[in-house]
Amino acid sequence: MLTQTAGQEPPLADDRPVSHPGSLERGIDILLALSGARQPVSLAQLCRSTGLPKSTAHRILGVLCGRGLARRAGTGYLPGDLLEVLAGGPERGPGARRAVLPYLLYLYETTRQTVNLAMPSGLEARYVERLYGHDRVASPSDATDRAPLHCTATGKTLLAFDAGLRQEFLARGAFERLTGRTITTLAGLERELAQVRRHGVAYAREEFAEGVSCVAAPVFGPAFGSPGGRIRMAVGVAAPAYGVPLGRLAIAVRGAAQAISAALLGEQTSR
């Protein structure tokens with residue numbers, strides 16, 4: 001029997017050697033396997049990379065999804081929204097938001113349409129800032145703050161200027177048709193993305209949802225070895241498909257994107 005000397009602290013449980021990993025260690029292993037994944041990772045792949053039994057991995061994934069640290073994506077899994085927030089990054093920091101938000105507000109005041117700021121998340125566009133008006137046009141992305149890349153203006157912008165993301169996405173070869181105007185062929189999407197790079201602005205005319213059109217432009221930030229920087233976000237405006245001149249919206253969106261790029265560069269150099 002162990003005895004405790006007066007004034008002596010009892011041994012902590014954490015000091016004891018661990019012979020088998022507990023749920024925390026297993027959860028960390030799964031999160032590490034998911035980290036940085038752009039394409040959904042299947043349960044079988046997670047089991048192979050972590051060495052966990054299928055039933056154990058499935059149970060832990062259920063907890064991680066419930067807490068926002070992982071999320072289902074079709075038949076696979078991706079990092080969750082909360083994990084992305086906790087991971088942080090220069091574009092998600094409070095300084096960046098302070099620099100970006102005034103231009104988004106000005107863009108809304110100028111257009112009186114829904115303003116979106118998007119970043120890639122897996123093989124989707126995730127809206128990290130959204131400004132709505134009272135008479136906003138409804139979109140399927142309203143409930144999830146996520147949208148496909150191939151049929152939205154913000155998504156096309158991210159694909160056009162992010163070579164790695166484009167390579168991964170185009171490797172899928174076929175794209176879901178959501179309306180009669182959705183581009184569903186590889187050749188058609190590549191032609192569209194070439195136009196986006198040429199003109200610096202992307203359009204989506206009722207490709208994601210009937211009655212909704214959108215315009216977007218790239219936001220660039222500094223990157224090592226690249227004086228022009230790399231794309232960090234896409235800023236866009238969604239509007240009714242009829243009655244709103246997209247060419248006029250494009251001028252406002254491109255100007256806002258350029259101003260945000262300059263503001264982010266200023267934030268970087270002032271650190």
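Observations
- One residue stands out in the range 77-110 among those that are surrounded by fewer than 18 Cβ atoms within 10 Å (Cβ to Cβ) and not in a helix (DSSP H, G or I): the one that is modelled with the highest pLDDT, namely 88.
- Residues of the range 170-185 satisfying the condition of being of a type outside the set (Ser, Thr, Tyr), surrounded by 15 or more Cβ atoms within 10 Å (Cβ to Cβ) and touching a residue at least 24 places away in the same chain (Cβ under 8 Å): 175, 178, 181, 183
- Looking only at the range 40-76, residues that are among the small types (Gly, Ala, Ser), within 19 Å of residue 147 (Cα to Cα) and open to solvent by 30 Å² or more (accessible area, probe 1.4 Å) come to 1 in all.
- Some residue of the range 157-166 being aliphatic (A, V, I, L, M), assigned to a loop (DSSP other than H, G, I, E, B) and open to solvent by 30 Å² or more (accessible area, probe 1.4 Å): no
- Of everything in the range 186-219 that is assigned to a loop (DSSP other than H, G, I, E, B) and closer than 29 Å to residue 264 by Cβ, the residue that is most open to solvent (accessible area, probe 1.4 Å) is 208.
- Residue 139 falls short on exactly one of the conditions (1) small (Gly, Ala, Ser); (2) open to solvent by 70 Å² or more (accessible area, probe 1.4 Å); (3) more than 26 Å from residue 230 (Cα to Cα), and that condition is (2).
- Whichever residue in the range 237-266 is part of a helix (DSSP H, G or I) and open to solvent by 60 Å² or more (accessible area, probe 1.4 Å) and, among such residues, is modelled with the lowest pLDDT: 265
- Taken as a whole, the condition of being at pLDDT below 85 and not aliphatic (A, V, I, L, M) applies to residue 20.
- If only residues of the range 141-156 that are part of a helix (DSSP H, G or I) and among the aliphatic types (A, V, I, L, M) are counted, the one that is nearest to residue 207 (Cα to Cα) is 153.
- Going through (1) among the β-branched types (Val, Ile, Thr); (2) at pLDDT 90 or above; (3) open to solvent by 30 Å² or more (accessible area, probe 1.4 Å) one by one, residue 269 falls short only on (2).
The values are calculated or read from the model by the stated rules, or taken from the named source; none is laboratory data. Since the structure is predicted, the reported quantities are computational estimates derived from the model, not experimental observations. Note that we place each Cβ from the backbone using ideal geometry, even for glycine, and neighbour counts take in every protein chain shown. The protein model used for the area step is the full one, side chains on, heavy atoms only, and it has no ligands, DNA or RNA in it. Shrake-Rupley method; radii C 1.70, N 1.55, O 1.52, S 1.80 Å.
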